[in-house]
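Heads up, the thing below is written out as structure tokens.
The values are calculated or read from the model by the stated rules, or taken from the named source; none is laboratory data. Small disclaimer: the values here were computed from a predicted structure and weren't measured. Counting neighbours? That spans all protein chains shown, and the Cβs are built from the backbone with ideal geometry, glycine included.
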Amino acid sequence: MLKQFTLRTQIGRVGIAMMHAFAIGIAACSSPSANTAAPAPVAQTTPTNGTTQGFRQTKVLEGLENPWSMAWLPDGTMLITERPGRLRIVRDGKLDPTAIAGVPEVLATGQGGLLDVSVHPRFSENRWIYLTYAHGTRDSNRTRLARATFDGKALRDVRVIFEVAQAKSGGQHFGSRILWLPDNTMLVAIGDGGNPPVQLGSELIREQAQNLQSRLGKIVRLNDDGSIPSDNPFAANANADSAIWSYGHRNIQGLAFDPGAKRVWSTEHGSRGGDELNLIAAGQNYGWPVVTHSQEYFGGEISQERSRPGMVDPKTVWTPAKAPSGLTFYTGDRFPGWQGNLFAGGLVSQDVRRIELDQAGNVRSQQSIKIGQRVRDVRQSPDGLLYILTDASNGQLIRLEPTGG
């Protein structure tokens, strides 16, 4: 196609790779030892309801190599993934120096590696945990989802229960966040495969986000064994992959659930701006790359359309890019002034964005909580505190704690 030929001739593979590496700031070094630090100075925010919420940041530990995700077991033990391929365990704020055995082999290149970790809602009964990761070679790879039994020290009976059918090249856009719904099905975000000039067949690979027969650029919904629920929105469509829950996504790295309103939220990376916060509904098209606020990395518009009938508009757009990664909906009682807020991490912005919503799900206000490092994940712990992972060769686990006021 002429359009694709023009894009490829404007800039070569090396130029794109250099620009993209600069944008995401990937670094890889050895992992230092863990330690703790004293609490940071107290800060506060004032929600629009007038309640002042005081808080401070405490570094719980460091020495994590490019951590990507965290999850808690019922006994309070924390699991943390490191992108190079290790699953770590934290007990009482201390990082076990020995990684958990049994993790499947991962492709650790670019944005790929060991990515999300999630614990089954009935873990106490079945001992199941789930991992997403990049699998294959740099020239032929895909996102995989595996389930394993965790015995407290190692993973057993590791099984790949879902994967992207189409192999892609390069180390970009694996997506990979996992979110459990109240019916014990899970949503899994899958990236679109990468930036130009990466292709699949004769098209730029990002066009797969609009292809209902492809899992690239989608959120899929699965049962806990990886099978596909019969009530998925495209289950009766012979021309669509029945796993698809929503489509038209670029690279989602934040998924969160509002249990009160029964809403699913996502944060999605744009290209040179155009990062999105979306309210996700089953069967809907979120536009990428037909409708977008993003720009090409080498300059110029991807699309002149910002909205189109039949495609869902984002609830907010971040330009310049904040590179959103990690998302949680706060329901705890430790921060009363923050109940019902979204917290979105930012890699480029090096902050956590506190987002206030109205009852209809519209954004009322945003406030930045400065972290000073690339934020890869933000989660609410079972005891109602907020934890943050920073993406660095000496990555940190940081806790937000309430103060009086």
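Within the stretch 190-203, track down each residue that is touching a Leu at 6+ places or on another chain (Cβ under 9 Å) and either surrounded by fewer than 23 Cβ atoms within 10 Å (Cβ to Cβ) or modelled with pLDDT under 95 (or both).
Result: PRO196, PRO197, VAL198, LEU200.
With the checklist (1) within 26 Å of LEU327 (Cα to Cα); (2) surrounded by fewer than 15 Cβ atoms within 10 Å (Cβ to Cβ) in hand, flag the one item GLY152 doesn't pass.
Going through the list (1) within 26 Å of LEU327 (Cα to Cα); (2) surrounded by fewer than 15 Cβ atoms within 10 Å (Cβ to Cβ), GLY152 breaks only (1).
Looking at THR132, THR185, THR109, which one is in contact with an Asp or Glu (Cβ under 6 Å, 6 or more places away or on another chain), surrounded by 15 or more Cβ atoms within 10 Å (Cβ to Cβ) and of a type in the set (Ser, Thr, Tyr)? Full working, then the answer.
Values: THR185 fails: in contact with an Asp or Glu (Cβ under 6 Å, 6 or more places away or on another chain); THR109 fails: in contact with an Asp or Glu (Cβ under 6 Å, 6 or more places away or on another chain).
Selected residue: THR132, the only one of THR132, THR185, THR109 that is in contact with an Asp or Glu (Cβ under 6 Å, 6 or more places away or on another chain), surrounded by 15 or more Cβ atoms within 10 Å (Cβ to Cβ) and of a type in the set (Ser, Thr, Tyr).
Filter the stretch 228-250 down to the residues that are in contact with a strand residue (DSSP E or B) (Cβ under 8 Å, 6 or more places away or on another chain), over 17 Å from MET311 (Cα atoms) and of a type in the set (S, T, N, Q) and list them by number.
Of everything in the stretch 228-250, just one residue is in contact with a strand residue (DSSP E or B) (Cβ under 8 Å, 6 or more places away or on another chain), over 17 Å from MET311 (Cα atoms) and of a type in the set (S, T, N, Q), namely ASN232.
So, of the residues in the stretch 384-405 that are modelled with pLDDT under 95 and not in a strand (DSSP E or B), which turns out to be surrounded by the fewest Cβ atoms within 10 Å (Cβ to Cβ)?
Ranking the candidates gives GLY404 first.
Only one of these is assigned to a loop (DSSP other than H, G, I, E, B) and on the phi > 0 side of the Ramachandran plot: GLY361, GLY326, GLY332. Name it. Steps first, please.
Numbers: GLY326 fails: assigned to a loop (DSSP other than H, G, I, E, B); GLY332 fails: on the phi > 0 side of the Ramachandran plot.
None of the other options fit; the residue is GLY361.
Taking strands (runs of 3 or more DSSP E) that fall entirely within the stretch 112-199, which contain at least 2 residues that are touching a helix residue (DSSP H, G or I) at 6+ places or on another chain (Cβ under 9 Å)? Let's see the steps before the verdict.
Working: elements: 114-119, 128-137, 140-150, 155-163, 178-180, 186-190.
Passing ranges, in order: 140-150.
Just give me the residues in the stretch 215-246 being closer than 21 Å to GLY193 by Cα, of a type in the set (A, V, I, L, M) and part of a loop (DSSP other than H, G, I, E, B), in sequence order.
Listed by number, the residues that qualify are LEU216, ALA240, ALA243.
Is there a residue being in contact with a strand residue (DSSP E or B) (Cβ under 9 Å, 6 or more places away or on another chain), at pLDDT below 95 and not β-branched (Val, Ile, Thr) anywhere in the stretch 116-126? It would help to see each step written out before you state the result.
As a first pass, look at the stretch 116-126 and keep what is in contact with a strand residue (DSSP E or B) (Cβ under 9 Å, 6 or more places away or on another chain): 116-123, 126.
Subsequent filtering for residues that are at pLDDT below 95 retains none.
So far as the stretch 116-126 goes, no, none of its residues is in contact with a strand residue (DSSP E or B) (Cβ under 9 Å, 6 or more places away or on another chain), at pLDDT below 95 and not β-branched (Val, Ile, Thr).
Can you say whether SER365 is more than 22 Å from SER271 (Cα to Cα), at pLDDT 95 or above and in contact with a Cys (Cβ under 6 Å, 6 or more places away or on another chain), as far as the supplied structure shows? So that I can check it myself, show each step before the final result.
Values: more than 22 Å from SER271 (Cα to Cα): yes; at pLDDT 95 or above: yes; in contact with a Cys (Cβ under 6 Å, 6 or more places away or on another chain): no.
Judged against the criteria, SER365 is not a match.
One line per residue, one yes/no per condition, for (1) aromatic (Phe, Trp, Tyr); (2) closer than 26 Å to LEU222 by Cβ; (3) part of a strand (DSSP E or B):
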residue: GLN57; (1), (2), (3): no, no, yes
residue: ALA71; (1), (2), (3): no, yes, yes
residue: GLY76; (1), (2), (3): no, no, no
residue: VAL90; (1), (2), (3): no, no, yes
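Can you tell which of GLY300, GLY248, GLY226 is farther than 26 Å from GLN359 by Cα, touching a residue at least 60 places away in the same chain (Cβ under 8 Å) and out of contact with any Ser or Thr (no Cβ under 8 Å at 6 or more places or on another chain)?
Values: GLY300 fails: touching a residue at least 60 places away in the same chain (Cβ under 8 Å); GLY248 fails: farther than 26 Å from GLN359 by Cα.
Answer to the selection: GLY226.
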